[in-house]
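Here's the structure, in structure tokens; my notes come after.
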Ligand code: TEU
Ligand code: CA
């Protein structure tokens, strides 16, 4: 077996703007993160993934980078960053940085140059096309609404931007651009970082000829994703990057890949192919989307989730590697989305964590999920900060959609749900800032905050500590095989892990009913040891059947 550290690790994602403000300007910063490293260490975390901290005009909160090798003023200085890295390493943890190289900011010097003239040396660092029949070069929409092309009058051409118009896509067909990216990556690796999370990395290869997509009925723009996702040269680029950069370092890489399938993920993560270690897949994040995408709300059917996560477990069981997540800075908070953030917030948060952390792969904990932070509902659209939310709101209003319907989609799926300031304690602004936070704090911080969680023995935080410790104590959790159990049960998600003579039995009641779990005949054992449960019911032996409580989770180790 590969004793690779990233296979045995648990990763904690920090969205720096909302994590901890040390200087009272209402914006999280590097010194704020430094002040909370013990909190993260004590959770049992091995790796910290830091969302972008580079210079940026913050059109997309740092995912629009204007200087890849300097720190955003609001977050601090390079000296602060070097102090952060040293203190992370001193605690025996590792740091991976967010690598956003599908696009830069339009304020990056490359783009400032590129737009000056068609023969500027940097012109081909980006993707330019003339108008086609007096309209945009293709009918693609941007992921943030509107056209994916922006007209630039200076040179009478359009440039491609799959996200905001301040995020022009880089032209990976240009070897000079690729070399500049590789030099920048080496610069960060030589400073001592331990790897990268790569933003929409499966978007970087675009075909030479860009064609129109098929708009949905009544829509002006169409998805271009079948052209730019997993494009023609993607594996060549990743293998070139690995050969020229990554292979020289002991690093971890995770590629964020909207639209990746298990078959493709095997290609991206099979170790012999020397591309990436793992990917973030999105299929399970789309199971509660209607046909028109994330804002088109649909109730999750547990059977869909069981089959999807099982498909991924089986596809990468012996080749490649899974990432395991329900939360990040783009997704609503899972306890509100999949659990019950009212009367069963604690139980359902623990159940969801159990379900994920006992699977095969590297688990990711997003700031605040370890204390059961919930979604937010701001009264006014003006309290929201996310460009994706504002563009959606504006487009829907223009289409005459009623305000309450628009706001309902934003309440359920808006990215700001996971970007409200971290709730540290019950003091003003939840202890996040002594100033006015850049975004309002969720008013439930008086009951939901880290300080409370640390003092309560059976808190969600302490439950995460136990889950993460189990992964360290039991090799079966890292390397054991996976098999879904009771596949057709509509309310219980149960599976087993097997390694040599051991079996790990995971039972999760996904709802507030009280179904009976029936032990499958395939499960034979001599002794059963309850490793963890989200109810304090003392020693509960494993019988032929178990009457589960609302959102009850149990994990047994069987010999
Ligand atoms: O997100 C990629 C992505 O697909 C997003 O569009 C995400 O799926 C969507 O926001 C969900 O509604 C990455 C970053 O994680 C995101 O924060 C950035 O906005 C985006 O790329 C552009 O860099
Ligand atoms: Ca600050």
**Request:** For the chain, just the Cα atoms, rotate onto the principal axes and tell me the three extents in Å, largest first.
**Result:** 75, 53, 52
**D (Stokes-Einstein, µm²/s), Kirkwood Cα radius, segment 83-181, 1.002 mPa s at 20 °C** = 143
**Fill in**
For residue 395, placing the label point 7 angstrom along Cα-to-beta-carbon and taking segment 179-221, residues whose amide nitrogen sits under 16 Å are 213-221
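Highest first, please rank the peptides 314-321, 24-31 by the mean number of other Cβ atoms sitting within 10 Å of their residues.
Peptide ranking by packing, descending: 24-31, 314-321.
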**Complete:** With bins of 10 Å, the percent of all Cα-Cα pairs of segment 422-551 per bin from 0 is 10, 31, 29, 18, 11, 2
**Request:** Compute log10 of I(q)/I(0) for segment 33-95 with the Debye formula, placing one identical point scatterer on every Cα and leaving out solvent, at q = 0.12, 0.13, 0.18 Å⁻¹, to two decimals.
**Result:** -0.32, -0.38, -0.68
**Request:** Mind ranking 209-216, 111-118 by how tightly packed they are, going by the mean number of other C-beta atoms within 10 angstrom, highest first?
**Result:** 111-118, 209-216
**Item:** Cα long-axis angle, helix 403-413 against the chain (0 to 90 degrees, to the nearest 10)
**Value:** 60
**Item:** Rounded to 10°, Cα long-axis angle of helix 387-398 versus longest principal axis of the chain
**Value:** 70
**Request:** Fewest Cβ neighbours within 10 Å first, please rank 465, 508 accordingly.
**Result:** 465, 508
**Cα centroid of segment 22-43 to Cα centroid of segment 424-464, whole Å** = 13
**Asked** With a Cα-only, solvent-free Debye model of segment 228-277, what are the log10 I(q)/I(0) values at q = 0.17, 0.27 Å⁻¹?
**Response** -0.48, -1.16
**Prompt:** In what sequence do 466, 206 fall when counting other Cβ within 10 Å, fewest first?
**Reply:** 466, 206
**Asked** With the Cα gyration tensor of segment 351-405 giving a ≥ b ≥ c as the square roots of its eigenvalues, does the rule (a/c under 1.5 for rounded; else a/b larger than b/c for prolate; else oblate) give rounded, prolate or oblate?
**Response** prolate
**Asked** Based on Cα positions only, what radius of gyration and what Dmax would you give for segment 284-332, in angstroms?
**Response** 12.4, 36
**Request:** Report, for the chain, the % of DSSP beta bridges that are antiparallel, rounded to 5.
**Result:** 60
**Prompt:** Using the alpha-carbon atoms, what tilt in degrees (0 to 90, nearest 10) does helix 302-315 show relative to the longest principal axis of the chain?
**Reply:** 80
**Protection proxy ranking, peptides 392-401, 149-158, 39-48, average beta carbon neighbours within 10 Å, highest first** = 39-48, 149-158, 392-401
**Fill in**
Going from the fewest other Cβ atoms within 10 Å to the most, one would list 65, 546, 101 as 546, 101, 65
**Request:** Give the distance, in whole Å, between the Cα centre of segment 241-283 and the Cα centre of segment 500-534.
**Result:** 33
**Message:** Report the Cα centroid-to-centroid distance between segment 354-394 and segment 90-131 in angstrom, as an integer.
**Reply:** 27
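Values quoted throughout were computed directly from the atomic coordinates according to the rules given, and no laboratory measurement underlies them. Predicted model, so just to flag it, every value in this text is computed and none were measured. Cβ: placed from backbone, ideal geometry, glycine included. Neighbour counts: every protein chain shown.
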